[in-house]
Amino acid sequence: MCSSDLPVRTMVFPVFAAWAATYGKVYNGDEAVLREQVYNANIEWIQQHQAEVDFELGANQFADLTIDEFAAQFLKLKPQNDAKESYLGKHTFSGADLPDAIDWSTQSAVSPVKDQGSCGSCWAFSAIGALEGRAAIATGNLQQFSEQQLVDCDHNGDQGCQGGLMDTAFQYLQGSSGLCTEDSYGYKGKAGTCAEPSCTVGLEASAITGYKDVDATEEALQEAVAEGPVSVAIQANSPFFQLYSKGVFSSNLCGANLDHGVLTVGYGVDGDKKYWKVKNSWGSSFGEDGYIRMLKGKGGKGQCGILTGPPSYPVISSAVTV
C-alpha cells in the first residue's frame, strides 16, 4: 500500500455508452442494462480505491465484468506439471554479474502483443512467447508461432480453452511435428480440429531440447530473464489487476494462488521501484500497450506469486537454423 501523501488524481471516466463504443461492445436486450450496472460499479470501485495504490487504474476492456466473470473467462492456468520427460533441471542463480535492466521487447525477441479473447489459453500464449523469444535469440530471426496449434493439438494434460500449463506445452511441442507458424495456423479463439500436419513448420521439434524451471528467487529469475523471455504464472484474480492501466503494479491483494500464465520479457527500475516487465495476452488496450510492470524485489513468493509457478523456459538448441 502507499503512503497517505500520494498526489490526488482527478479521475474522469466515459459514460457507459461512450466506453462501449470505444471497445466495440455490443449487447443484446437486458444484457446492456446489466453491463452498464457492472461498469458503473467498477468505476465507483476505482474511485474508492485508486488512492490506495500508486499505479493507475482505468476503465479498460474488462470494466463491464465482475471479478468472478473476469476470472472465469480469462484465468485458466492449471498449475500442475507432469512434463518430467523433457525436464532439464532447475535454473539456479550462478552468482554472475547481471545487467541492471533489460528489455527483450526492444531487441527483436518479442512479437507484438496478442489477444487470447475469451478462450482460457493464457498458458499457450505464454509458452509460445517464450519459444518465440528464445528461438529469436538463438537464430537472430524473430518468428511468430501458433498458439492455436497448442489449443487444438496439445492434449498432454492441457485442455485448450479450459486451461493448461507452459511446461506441458514445451514437452508436447518437443514430440510434435514441429512448431507451426502463426501465418499458417492462425488463432481462432476456440478449440478446433488439430491442423498440425498441414501447417508450415517454423521451428523443428528437434530444436526444442527440453525446458528448465527457475528457482524461486529474485536472483535466479533475473538471471534467466537476462538470457531471454521466461514464462511465469501469477495470481491475477484481483480487481486491481483487472482494471490496471499503467505504472508499477504492487498489491497485497494477490498471493500465490496461480491462475494466469504470462511472459516476463525484461526488468528495470522506475524511480525507486524495481519492476518485472510482463507481456500479457489481452490485446494492446490492456495496461501499458498490452504489458504490465510488476514490482520486483518484493521478496517471498514475489508479486502475485511470480516466483512460484515455477517460472520456466524452453531450451533451444544452439545449432538450430531457420
Return the total of residues in the range 160-195 being closer than 17 Å to LEU77 by Cα and out of contact with any Lys or Arg (no Cβ under 7 Å at 6 or more places or on another chain). 11
Considering every residue within the range 150-157, establish whether at least one is polar (S, T, N, Q) and either assigned to a loop (DSSP other than H, G, I, E, B) or under 20 Å from GLY228 (Cβ atoms) (or both). yes
Six or more apart or on different chains, Cβ atoms under 9 Å: show the pairs whose first residue is in the range 13-42 and more than 13 Å from ALA63 (Cβ to Cβ) and whose second is of a type in the set (A, V, I, L, M) and not in a loop (DSSP other than H, G, I, E, B). VAL26/ALA20; VAL26/ALA32; TYR27/ALA20; TYR27/VAL33; TYR27/LEU34; ALA32/ALA20
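Here's the yes/no breakdown for (1) crowded, with 18+ Cβ neighbours inside 10 Å; (2) over 17 Å from ALA207 (Cα atoms); (3) at pLDDT below 95:
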| residue | (1), (2), (3) |
| --- | --- |
| THR106 | no, yes, no |
| VAL113 | yes, yes, no |
| GLY129 | yes, no, no |
| ARG134 | yes, no, no |
| PHE145 | yes, no, no |
| CYS161 | yes, yes, no |
| THR168 | yes, no, yes |
| SER184 | no, yes, no |
Every residue from the range 115-127 that is open to solvent by less than 20 Å² (accessible area, probe 1.4 Å) and part of a loop (DSSP other than H, G, I, E, B): GLN116, CYS119, GLY120, SER121
Screening GLU56, GLU44 for residues that are open to solvent by 60 Å² or more (accessible area, probe 1.4 Å) and over 26 Å from ASP270 (Cα atoms) leaves only GLU44
Take GLY228 and decide whether it is modelled with pLDDT under 95 and either farther than 18 Å from CYS122 by Cβ or open to solvent by 10 Å² or more (accessible area, probe 1.4 Å) (or both). no
Tell me which residues, restricted to the range 195-221, are closer than 30 Å to GLY297 by Cα and either of a type in the set (Asp, Glu) or surrounded by 15 or more Cβ atoms within 10 Å (Cβ to Cβ) (or both). GLY210, TYR211, LYS212, ASP213, VAL214, ASP215, ALA216, GLU218, GLU219, ALA220, LEU221
Name the pairs: first residue in the range 62-78 and part of a loop (DSSP other than H, G, I, E, B), second residue among the hydroxyl-bearing types (Ser, Thr, Tyr), Cβ to Cβ under 8 Å, at least 6 apart or on different chains? ALA63/TYR39; ASP64/TYR39; LYS76/SER121
Looking at the structure I just gave you, is ALA220 in contact with a His (Cβ under 9 Å, 6 or more places away or on another chain), small (Gly, Ala, Ser) and under 22 Å from GLN73 (Cβ atoms)? no
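The values are calculated or read from the model by the stated rules, or taken from the named source; none is laboratory data. It should be emphasised that the depicted structure is a prediction, and the values quoted were computed from it without experimental measurement. Here the Cβ is made from the backbone with ideal geometry for all residues, glycine too, and neighbour counts use every protein chain on show. The accessibility values were calculated without ligands, DNA or RNA, using every heavy atom of the protein model including side chains. Shrake-Rupley method; radii C 1.70, N 1.55, O 1.52, S 1.80 Å.
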